[in-house]
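To start, the structure under review is shown below, and the notes come after it.
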Amino acid sequence: MSWPQNPDWASLLSQLPVAESVPNPDTDNFDGDANTDAYVLAAWVEIFLGDWPDQSLPIDLMTFVFDIQNEASGTTAINFSASSNASGFAFAGQSHTIDIDGTSSVSVPTLASTTQHAYVSSSTRSADGTQETVTISYNCDDTTVTGLGIRTHYDSSKVTLNSVTSVYESGLFIRPNLTQKRDELLEQLQGRVYRKMTDTEVTLFDYVVDGYIEDNPNEQTRDSYVGNYQFGVTG
Ligand SMILES: [Ca+2]
């Protein structure tokens with residue numbers, strides 16, 4: 001008797017955060033700027049360990065490539081707001097200005113105590129002038145916090161989100177994305193096991209993805225994994 005091959009968990013898990021955020025309408029105007037009508041959410045969480053990101057700072061969190069709208073001119077803002085920040089810490093999101101007609105400049109904020117800083121560290125125009133690539137960085141005087149949820153706001157009449165790259169993976173909980181890929185990834189998994197995963201298994205799978213549980217650490221063979229609920233608590 002032969003057993004089916006397990007899916008390539010190592011590659012699939014890393015692509016499947018608990019949730020994804022596609023561009024949202026900024027109906028609630030979280031950044032207090034009526035011109036920015038869209039935002040993308042990203043969140044990193046280390047609730048149990050409280051050691052995010054556990055490495056020297058600053059770090060780059062993600063890179064957004066914006067298409068500049070044909071009729072756009074002048075300047076347009078990239079703003080930040082916090083959906084959640086670490087207890088006892090202030091959030092300082094430094095607004096950035098894209099100069100559509102020229103070259104955009106960036107400045108690194110001065111590090112303040114017990115403050116989570118988010119800012120644009122690089123803003124460059126493509127050779128053909130149609131795109132602006134914006135890298136968003138993070139700094140804090142404490143490298144062991146519970147995480148950060150951050151919204152990046154922009155004016156969709158001036159720029160639209162073309163792609164998201166170089167997302168910082170450690171503790172990633174909500175991945176910024178253009179489209180929802182979760183269902184597509186789950187289909188890949190289900191095609192390679194005996195049966196369709198139950199809703200409970202899918203939920204467990206998502207917890208595995210975020211590192212809350214370890215996927216079947218004791219299993220040596222066959223296809224148990226999440227399906228057999230042989231998981232161990234990590235952290
Ligand atoms: Ca707004």
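Calculate I(q)/I(0) for segment 67-137 by the Debye formula, one identical point scatterer on each C-alpha and no solvent, and give its log10 at q = 0.16, 0.18, 0.25 Å⁻¹ to two decimals.
Each listed q maps to, in turn, -0.61, -0.72, -1.10.
Taking amide hydrogens as modeled 1.01 Å from N in the peptide plane, which residues meet the under 5 Å criterion relative to Thr115, leaving out close sequence neighbours?
Residues meeting the amide H criterion: Ala90, Asp141.
Whole-Å semi-axes of segment 16-176's equivalent ellipsoid, largest first, each the root of 5 times a Cα gyration tensor eigenvalue?
Each semi-axis is √(5λ); the values are 26, 16, 14 Å.
Could you tell me how far the Cα centroid of segment 29-49 sits from the Cα centroid of segment 59-119, in Å?
11
Which net charge results when you count Lys and Arg as +1 and Asp and Glu as -1 among the other residues whose beta-carbon is under 14 Å from that of His117?
-3
Under a plain spin-label model, where a point goes 7 Å from the Cα along Cα-to-Cβ, how far apart in nm are Ser163 and Thr144?
About 3.8 nm separates the two model spin labels.
Can you list the residues of segment 127-151 with backbone N under 18 Å from a point 7 Å past the Cα of Ser87, pointing along Cα to Cβ?
It comes to 142-149, nothing else.
Just add up the charged neighbours of Phe89: K/R +1, D/E -1, any other residue whose Cβ is under 12 Å from the Cβ of Phe89.
Around Phe89, the surrounding residues sum to -2.
Pulled fully out, how much extra length does the chain show between Val202 and Ser95, if you take 0.36 nm times their separation in residues and subtract their Cα-Cα distance?
Gain on stretching Val202 to Ser95: 34.7 nm.
Calculate the spin-label point distance for Ala34 paired with Leu111, positioning each point 7 Å from the Cα along the beta-carbon direction, and give it in nanometres.
Calculated label separation equals 4.0 nm.
Throughout, read-outs are computed from the coordinates displayed, never taken from laboratory work. None of these values were measured; they are calculated from a predicted model. For neighbour counting, all protein chains shown are included, and Cβ atoms are generated from backbone atoms with ideal geometry for every residue, glycine included.
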